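Beneath this line is the structure, given in structure tokens, with notes to follow.
What follows draws every value from the coordinates through simple rules; no lab data is involved. Here the structure is a predicted model, which is why all the values come from computation and not from measurement. Cβ atoms come from the backbone with ideal geometry, glycine included; neighbour counts cover every protein chain shown.
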Amino acid sequence: MTVAQNLTATSPPAPRQRFRFTPAALIWPAMLYLILTTQVPFFMTLYYSLFRYNLVDPTNRPFVGLGNYISLLTDPQNLRIVLNTLVLAGGTLAVTLILGGSLAMLLNRNFPGRALLRTLMISSFLVMPIVTAVVWKNMLLNPVFGFFSWVVSSLGGVPVDWLAQYPMASVIAMIAWEWTPFAMLILLTGLQSLPEDQLEAVRLDGASPWQEFRYVVMPHWTQAIQVVVLMETIALLQVYGEIYGSTSGGPGVATTNLPYFIYQKAFAEYNIGLASAAGVLTVILTNVLAVYLLRMINRTLAHNKGD
Amino acid sequence: MTAAPTTNVPPNRGSAAARTRIQNIVLTTVTYLIAIAFLFPLVWMMMAAFKTEAQAFAAPPVFAFTPILDNFQRALPSYFPALLNSLTAAVGSTILAFLLGLPAAFALAVYPTKRAQNTLTWMLSTKMMPAVGVIVPLFLLYKNLGLLDTRTGLILMYTTMNLPLVVWMMHSYMTEIPYAIYEAAKIDGATVSQEFFRIALPLSMPGVSATALLCLIFAWNEVFFALNLTTSDAAPLSVYIGSFKTSMGLFWAQLSAAATLTVLPVLIFGWVAQRQLVRGLSLGAVK
Amino acid sequence: MQSISQRYSFKRSLTLALSLGTAALLSAASAASTITIATVNNPDMVTMQGLTGEFNKKYPDITVKWVVLPENELRQKITLDVASGAGSFDVATVGAYEVPIWAKNGWLDPLTPLFAKNAALAKSYNLSDLLPSVRTALTLKGNLYAVPFYAESSMTFYNKALFQKAGVTMPAQPTWQQIQGFAAKIHNPSAGVYGICMRGLPGWGENMAVFTTMVNTFGGRWFDNDWKAQLNSPAWKTALNFYVDTLTKYGPPGATSNGFTENLTLMSQGKCGMWIDATVAAGFLSDPGSSKIVNTVGFANAPVGPGTPRGNNWFWSWNLAIPKSSKQEDAAFKFITWATSKEYIALVAKAKGTWASVPPGTRTSTYSNANYKKAAGAFSSLVLKSINEADVTKATKDPVPYTGIQFVAIPEFQALGTQVGQYIAGALSGQSTVDQALKQAQDAANKVAKDGGYQK
């Protein structure tokens, strides 16, 4: 993974001469643990994906080869689900970066109550996803009882049915609410380590705020942004609880992403064979995507940095 | 973006200073407004916990009300066993993930090879499988190993979930330690374990606390494994909260009370640890 | 030295282990069985959990552990458990749809032999007191596989105050046409009042429950006798057009997010003129603790459509069953017969202080009880009539190869119903047209019938 390469590049990879523990001996316990706990279930999943396997129909379990994969890949609706997954993850990531970045800069100023605000601001990151979903769906977004519709109608507008009219935007807003503090925190720590004299220097040169942001803050943020992008990409491609608790993937399939699709196949239809095949495809897709995306971001950022 | 840092601007003459002050007031107000907006859903939920069911979903919303404790009365009895399970699972899995992950992170950071990169990549890739995709095989494995509905089972699963994170984050903290320090220790004849215990670990301690905080939060908030791999004895708070959700009847106030109880420990912990976290993060993963 | 102390400690720990083992054996011998009960987080089941102490008064040697979850979570959890034979549960709460399917898979203990074994218990339990239609729904090939905890049908709830204001009256047996007319007169969104509330949340047990009863009474069916899907028939089209038209014109905003709970909230706050849903809502709407319309709520039969009077009201029951994988069959049997008995119903009345909140729809004796008639008079006879008339074997105008009113009793229906539910919700929210939705639904139903080997 490129991020990892980038990070290690800071220490010279000099081969070490004398050590008692081989590096391998230090790495293997962790490796072995992960192999046992992830690869065993993964290969079982791979195996199930080759069967017609319905949990509630135990007598009928024939080998179907790649049948499950073929039916997944030939259904045009599934393209929509892949796109939903990308829009959801990408949209949330963009919102959290922009909002989190702005907040980080706002909180990096001296003002009364700054420490308290910073402490309180991380709260929404600590809330259980299922709680977030229930609170947002019922208490905020509900078109009749929700707080937002009350705000809209007391301003004289017509209450909006958020989850039906703007399902994807609503879900993104909900998840961005959870993850913005994370982005804010990491970007803020990036700012705090920015040498003050560097800013002073550009200001004395008469740089505009935009130039200041573009040429001083941005390059300094490169690594912080990488952390946010990597951590959030992994987490956001797996979003499930928030969808389960709010839209149930609907209306239609408007907010069904891959994990929720697999959930539906496995637990609404008990179609374990198909769900397993979808799981395998998701792993492949996610890996390719994560590597590609990070490489791309790295290149952009490296370009930015390269004066 | 006008939100660029404006601290410690040297006092300019006359109108420029006044403009800066106005700008400062505006920016501070904006900051407060955003913060209030962000906190609102949580505050609204906690308020609902003290309302009657009828008040909780009243339209227009009720702001002034006599707080009642009835919701908590129903939520409390089953709370403490679940709290204990959540604590055990979160703390236990974090410790185990560190025991396994720290040495690996150290080795990968201090002896970087091409293979080390691949190892790191592979470890991260284990996090890419959606939990729901592997739940049936996991359930069957747990059943055969007698791990269903045990705290051990939860700890093992959460360790799997957090181990790649520990390795990756700690690896990046440890690579930040200047190589010269290791060089000096090597000249003094330090062994690998001395390098680990005397240099790498103490110098990346802030990273340890930041990473541990993240691990604890993720384990605390995990729902899916908890729901499927535990039933009653080992059921943590994420399952407890589910028992207040119903597809029949009115439940907002009740659920809010249970949710408040569930969120509160991690909130308080997060607030207290936040300083530590900021310091830790600023020393490690982010230069 | 070292080896001696080691041996000593080994010996000591061995003794300790042995004595502990003996203690464990002894305590096991003195009875005390523990049963784990999985149930739905509905108010009636929460009451049952609260009465555990009463159960222990009768059976002090049985310890009860509870797993209480929302319907969907519970269903997925129990299914995974019984399908893999993990044996985590000794008593499972199973819906009317699953009982015959699970019984066929051999996942449930047949109860008939257990009743035969416990003659005294069978006598006091009195199986013949169970409502015949309920008992039929839980019987497969002459064997009873579950006992009913409560049963429900569907009916029309209406707000008398809003009806009066609009100058209309609800007949005892409304037609869908009349319902739409009333809704149009009552609908006044600027005042926060909506003509009609109905389920729009996609799911086989959500929008499809009420919509399938509409299809039935509009003269439609899911499959013909050759298992050819009938979802593109004129009856489905008329029904869906009617449903979409009524709800978009006279329904609340956000109907596609509304299931039972959401509509109950709306109705109890006086925001809906009418609501067609489960009979259990009658109890909630009559509860002053959460309902604002206690004095103005009215009850009527579920509406009938232009096609046939059949299948216009559904049948559902929550039942207690013993999974095959349970190792505590006897203790579990004692529990399920206690929790569905006549004395349990009286116990709930005593604990709750009113007969109106006892689990309804299971026993003839409940409906002949003077106390119950008095407390639940406003709706009890309607509920009984609806349940008695809900015949799972004759729910459609034309013959069908399946049983079930608001569902098709095949294992694949849960998936199919939810999928079709999504298409219906898509049509309701305007994401697709009625014709598009029905075409998708028809294809999905035909695919299920083919893949499942039903179509020859």
Next on the checklist: Could you work out how much longer the chain between C:LYS141 and C:SER365 gets when fully extended? Use 0.36 nm per residue separation minus the Cα distance between them, nm to one decimal.
Outcome noted: 78.0 nm
Checklist entry - What is the ratio of the Cα radius of gyration of the range C:285-338 to 2.2 N^0.38 Å, where N is its residue count, to two decimals? => result 1.99
Next on the checklist: Under 21 Å between alpha carbons, and skipping anything fewer than 8 positions from C:LYS352 in its own chain: which lysines qualify?
Outcome noted: C:LYS57, C:LYS58, C:LYS292, C:LYS342, C:LYS373, C:LYS374
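Rounded to a whole number of µm²/s, how large is the Stokes-Einstein D of the protein assembly as shown at 25 °C and 0.890 mPa s, given Rh as the Kirkwood radius over C-alpha pairs?
79 µm²/s
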Item to check | Rg and Dmax [Cα atoms of chain C; Å; Rg one decimal, Dmax integer] | outcome: 25.1, 101
Checklist entry - Are there any helices in chain A, counted as whole DSSP H runs, that stretch 30 Å or more along their axis by Cα and score at least -0.5 on average by Kyte-Doolittle, and if so which? => result A:77-107, A:167-192, A:272-305
Item to check | Translational diffusion of the range B:38-185, µm² s⁻¹ [Kirkwood Rh, Cα pairs; Stokes-Einstein; 20 °C; 1.002 mPa s] | outcome: 109 µm²/s
Checklist outcome for this item: With the 8 Å Cα cutoff and a minimum separation of six or more residues, the range B:111-257 has a relative contact order in percent of 31 percent
Checklist entry - Rounded to the nearest 500 deg cm²/dmol, what is the calculated helix-only ellipticity per residue at 222 nm for chain B, with -39500 (n - 2.57) per DSSP H run of length n ≥ 4? => result -23000 deg cm²/dmol
Item to check | trypsin sites (Lys or Arg not before Pro), loop per DSSP, at most 16 other Cβ atoms within 10 Å - longest free stretch of chain A | outcome: A:21-307
Checklist entry - Quick one: Debye curve from the C-alpha atoms of the range C:347-456, no solvent, what's log10 I(q)/I(0) at q = 0.16, 0.21 Å⁻¹? => result -0.84, -1.05
Next on the checklist: Suppose we keep just the alpha-carbon trace of the range C:237-277; what are its Rg and Dmax in angstrom?
Outcome noted: 10.6, 33
Item to check | Unit charges at the beta carbon, dipole of the range A:144-296: most positive-side option, A:PHE145, A:HIS220, A:TYR240 | outcome: A:TYR240
Checklist entry - Quick one: if you stick a label point 7 Å off each Cα along the C-beta vector at C:LYS237 and C:LYS350, how many nm between them? => result 6.1 nm
Checklist entry - Calculated from DSSP H runs of 4 or more alone, at -39500 (n - 2.57) each and per residue, what is the 222 nm mean residue ellipticity of chain C, nearest 500? => result -14500 deg cm²/dmol
Item to check | Residues A:VAL202 and B:GLN117, FRET efficiency given R0 of 25 Å [Cβ-Cβ distance, rounded to 0.05] | outcome: 0.10
Checklist entry - Cα extents of the range B:72-283 along the three principal axes, largest first, in whole Å? => result 71, 40, 23
Checklist outcome for this item: Plugging the Cβ-Cβ distance of A:VAL87 and A:TYR166 into 1/(1 + (r/R0)^6) at R0 = 22 Å yields, to the nearest 0.05, a FRET efficiency of 0.95
Checklist entry - Counting only the backbone N, which residues of the range B:228-247 are under 20 Å from the spot 7 Å out from the Cα of C:THR34 toward its beta-carbon? => result B:228-237, B:239-240
Next on the checklist: Please compute, for peptide A:152-164, the average count of beta-carbon atoms on other protein chains lying within 10 Å of each residue's beta-carbon.
Outcome noted: 3
Next on the checklist: What does the net charge come to around B:ALA253 if you take all other residues with beta carbon closer than 14 Å to its beta carbon, with K and R at +1 and D and E at -1?
Outcome noted: +1
Checklist outcome for this item: Treating only Lys and Arg (+1) and Asp and Glu (-1) as charged, each at its beta carbon, one finds that chain C has a dipole about its Cα centre, in Debye to the nearest 20, of 600 debye
Item to check | Residue among C:SER268, C:GLY305, C:GLY205 farthest towards the positive dipole end of the range C:200-355, charges placed on Cβ | outcome: C:SER268
Checklist outcome for this item: The rounded separation in angstrom of the Cα centers of the range B:110-164 and the range C:100-143 is 44 Å
Item to check | Separation in nanometres of the label points that stand 7 Å from Cα toward Cβ, at B:ILE36 and C:ASP224 | outcome: 6.6 nm
Next on the checklist: Let me spell out the model: positive unit charges on the Cβ of Lys and Arg, negative unit charges on the Cβ of Asp and Glu, origin at the Cα centre of the range A:51-305. What dipole size does that give, in debye rounded to 20?
Outcome noted: 240 debye
Checklist entry - So how far, in whole Å, is the C-alpha centre of the range C:304-325 from the one of the range B:19-85? => result 41 Å
Checklist entry - So which helices of chain C fit the span-like rule, where a helix is a whole DSSP H run, its Cα atoms reach 18 Å or more along the axis, and its mean Kyte-Doolittle is at least -1.0? => result C:2-29, C:71-84, C:234-250, C:377-389, C:413-428, C:434-451
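Under Stokes-Einstein, with the Kirkwood radius over Cα pairs standing in for Rh, what whole-number D in µm²/s applies to the range C:280-372 at 4 °C and 1.567 mPa s?
Values: Rh = 16.4 Å.
In µm²/s, the coefficient rounds to 79.
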Checklist entry - What is chain A's relative contact order, in percent, from Cα pairs under 8 angstrom and six or more apart in sequence? => result 29 percent
Checklist entry - So what are the ³J(HN,Hα) numbers for the range B:95-102, from phi and the Karplus equation (6.51, -1.76, 1.60; θ = phi - 60°), rounded to whole Hz, Gly and Pro as x? => result 4, 4, 4, 6, 4, 7, x, 4
Checklist entry - Share of antiparallel DSSP beta bridges in the protein assembly as shown, in percent to the nearest 5? => result 65 percent
Checklist outcome for this item: Given a Förster distance of 51 Å, the FRET efficiency implied by the Cβ-Cβ spacing of C:THR169 and B:TYR79, rounded to the nearest 0.05, works out to 0.55
Item to check | Nearest-20 debye value, the protein assembly as shown charge dipole, Cβ charges on Lys, Arg, Asp, Glu | outcome: 620 debye
Next on the checklist: Distance between the C-alpha centers of the range C:158-191 and the range C:374-419? Whole Å please.
Outcome noted: 25 Å
Checklist entry - If you stretched the chain out fully between C:ALA161 and C:GLN455, how much longer would it get, using 0.36 nm times the residue separation minus the C-alpha to C-alpha distance? => result 100.7 nm
Checklist outcome for this item: Phi angles of the range B:179-192, converted by Karplus (6.51 cos²θ - 1.76 cosθ + 1.60, θ = phi - 60°) into ³J(HN,Hα) in whole Hz with x for Gly and Pro, give 5, 4, 5, 4, 4, 4, 5, 5, 5, 6, x, 6, 7, 4
Checklist entry - Pick from A:ASN60, A:ASN287, A:ASN68: which residue has the top mean-square fluctuation in a GNM of chain A where Cα pairs under 10 Å get a spring? => result A:ASN60
Item to check | Calculated SAXS-style log₁₀ I(q)/I(0) at q = 0.13 Å⁻¹ - chain A, Debye, Cα scatterers | outcome: -1.13
Checklist outcome for this item: Per the C-alpha gyration tensor (a ≥ b ≥ c, the square roots of its eigenvalues), the range B:14-70 is rounded if a/c is under 1.5, else prolate if a/b beats b/c, else oblate; here it's prolate
Item to check | Scaled radius of gyration (Cα, divided by 2.2 N^0.38 Å) that the range B:135-204 gives | outcome: 1.72
Next on the checklist: 7 Å from Cα along Cα→Cβ at both A:ARG61 and C:LEU121: what's the point-to-point distance in nm?
Outcome noted: 3.2 nm
